[in-house]
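Comments concern the structure below.
The values are calculated or read from the model by the stated rules, or taken from the named source; none is laboratory data. Not measured: the values here are computed from a predicted model. Please note: Cβ atoms are built from the backbone with ideal geometry, for glycine as well, and neighbour counts cover all protein chains shown.
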Amino acid sequence: MPTGTCWRARTRWRDRRTRIPRILWISWTIPNGTVIIGTRAVEQQEHNPKRTIYDAKRFIGRNFEADNRDFLADQKRYPFTIKLDSDGKAFFEIPLDSGPKNVYPEEIGSLIIGYLKSAAAKQLGVSLGQVVISCPAEFNEKQRNFTAKAAELAEMEVRRVISEPTAAALAYGLHKKQGVENVVVVDLGGGTLDVSVLWLQGGVFVTQAMAGNNRLGGQDFNERVQKHLIEKIEENLGKRIEDKEDIQQIRMEVEKAKIRLTGVPVTWIELKLKSIGEWKYELTREEFEKLNEDLLKSIELPIRAALEDANLATADVDEIVLVGGSTQVPAVRKIVGRFFKKAANYGVDPELAVVTGASVQAGVIGGGWPLQVAAMELPAKRRKRHFFTDEQKENEQDRVNAKEL
């Protein structure tokens, strides 16, 4: 089970069937405390912003000072309320009829894991009590322990917590491939970009370097297109879209269009909005890439930094692994291929690589997977380096300044 910022998936290793990922959003839909999880939570978020929680993984197992600039920026960024307790641990304050309900990140995680546990048990017709769970390579021991605690709160025994790059490498079978030592994992999901350099020797994975941008992902690509559409509507029809339901529909249709553009060069976005009625727009892959040109270009920065930290040249890299749904964007694959002067490994669905690898590890631990040696990990040698675009830096500073005022 992976713990992505925007998606969590489950799989069964026995027949290698992977289930559809479910969105990592959870909502207390009405003031009496009724909880919904997944796509339904996303669909009603615009009408229920203060009780719909997402990105909880960013805060799990961490302590903050009250004046921490990253935490101040996050308080401003999200529509729901995030506070710190006396120990500096972040929690979410949910407004209910009975009074505010304080929920910690690991409790959010446990509700989602419990939901998936129940769904999987119903699908398979068996009870489930054990889990292998993955987490970002940058997670320290405390963050890993709190990730495990989320599963334990859902009454599951955690057999192992492995890093997401290691899980991805397992999914691609790199632990069995001859002549592979240096592996670069580029993980671009809905909200974050993570680049890891792994050294593989005798079934042992060592994270040599990490870099990334925890404010870059598919959602950022979508926001650029969404903003463009709203501007076009105002330009053509003279009306500014402000209705929350209309904005939510635009957001969802942009996501669908982005996915279609991974396979075709042009697509139509068809809207039926309360504010203006029916309206459609032809979006080309070329325009999508132009709208996101600076964001796409910024992908190279953490790749270059991670290689520098690992003292490797591009020619020293044996395999490049792509993870995360946003790596299916053709421009992303072109950028990675151009940087390394060779194509990345596309053998596994990038959206399912991490959960597939975690499933492989679960099969090894359970004695049912045909491998002689289970992959192991050693701690990372270096801390992760973060990179941001100029626009992101300005936006972060604006949020911090507004919060301080």
The stretch 120-139: number of residues that are in contact with a helix residue (DSSP H, G or I) (Cβ under 8 Å, 6 or more places away or on another chain), farther than 12 Å from residue 362 by Cβ and of a type outside the set (A, V, I, L, M, F, W, C): 2
Residues (part of a loop (DSSP other than H, G, I, E, B), in contact with a strand residue (DSSP E or B) (Cβ under 8 Å, 6 or more places away or on another chain) and more than 16 Å from residue 322 (Cβ to Cβ)) located in the stretch 182-213: 203
Test result for residue 71, without any contact (Cβ under 8 Å) to a residue 40 or more places away in the chain, aromatic (Phe, Trp, Tyr) and under 18 Å from residue 45 (Cα atoms): no
Selection status of residue 152, touching a strand residue (DSSP E or B) at 6+ places or on another chain (Cβ under 6 Å) and at negative phi: no
Residue within the stretch 169-180 that is assigned to a strand (DSSP E or B), in contact with a Phe, Trp or Tyr (Cβ under 8 Å, 6 or more places away or on another chain) and either farther than 30 Å from residue 127 by Cβ or charged (D, E, K, R) (or both) present: no
The stretch 249-261, residues that are assigned to a helix (DSSP H, G or I), surrounded by 17 or more Cβ atoms within 10 Å (Cβ to Cβ) and either touching a residue at least 40 places away in the same chain (Cβ under 8 Å) or not acidic (Asp, Glu) (or both): 249, 250, 251, 254, 257, 258
Strands (runs of 3 or more DSSP E) within the stretch 1-103 that include 3 or more residues modelled with pLDDT of 90 or more: 35-37, 81-84, 90-94, 101-103
Residue tally, condition closer than 20 Å to residue 190 by Cα and surrounded by 12 or more Cβ atoms within 10 Å (Cβ to Cβ), over the stretch 262-280: 1
Leading residue by the ranking (nearest to residue 28 (Cα to Cα)) among those in the stretch 97-136 that are hydrophobic (A, V, I, L, M, F, W, C) and loosely packed, with under 14 Cβ neighbours inside 10 Å: 121
Residue within the stretch 60-70 that is charged (D, E, K, R) and either within 28 Å of residue 253 (Cα to Cα) or buried (at least 17 other Cβ atoms within 10 Å of the Cβ) (or both) present: yes
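Would you confirm whether or not the stretch 140-149 contains a residue that is modelled with pLDDT under 90 and not in a strand (DSSP E or B)?
Yes: one or more hits.
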Candidates 270, 286, 278, filtered to the one that is free of Cβ contacts under 8 Å to residues at least 40 places away in the same chain and either in a helix (DSSP H, G or I) or touching a Ser or Thr at 6+ places or on another chain (Cβ under 6 Å) (or both): 286
Number of the exception - residue 238 against (1) more than 16 Å from residue 326 (Cα to Cα); (2) surrounded by 13 or more Cβ atoms within 10 Å (Cβ to Cβ): (2)
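Residue by residue, here is whether (1) surrounded by 18 or more Cβ atoms within 10 Å (Cβ to Cβ); (2) more than 16 Å from residue 216 (Cα to Cα); (3) among the β-branched types (Val, Ile, Thr) holds:
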| position | (1), (2), (3) |
| --- | --- |
| 293 | no, no, no |
| 297 | no, no, no |
| 300 | no, no, no |
| 310 | yes, yes, no |
| 322 | yes, no, no |
| 325 | yes, no, no |
| 338 | no, yes, no |
| 344 | yes, yes, no |
| 347 | no, yes, no |
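Could you pull out the residue among 246, 220 that is buried (at least 18 other Cβ atoms within 10 Å of the Cβ) and farther than 13 Å from residue 292 by Cβ?
Only one candidate passes the filter, namely 246.
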Number of positions in the stretch 291-326 that are in a helix (DSSP H, G or I) and either on the phi > 0 side of the Ramachandran plot or charged (D, E, K, R) (or both): 8
Number of the exception - residue 127 against (1) over 24 Å from the mean Cα position of the chain (by Cα); (2) under 30 Å from residue 49 (Cβ atoms): (2)
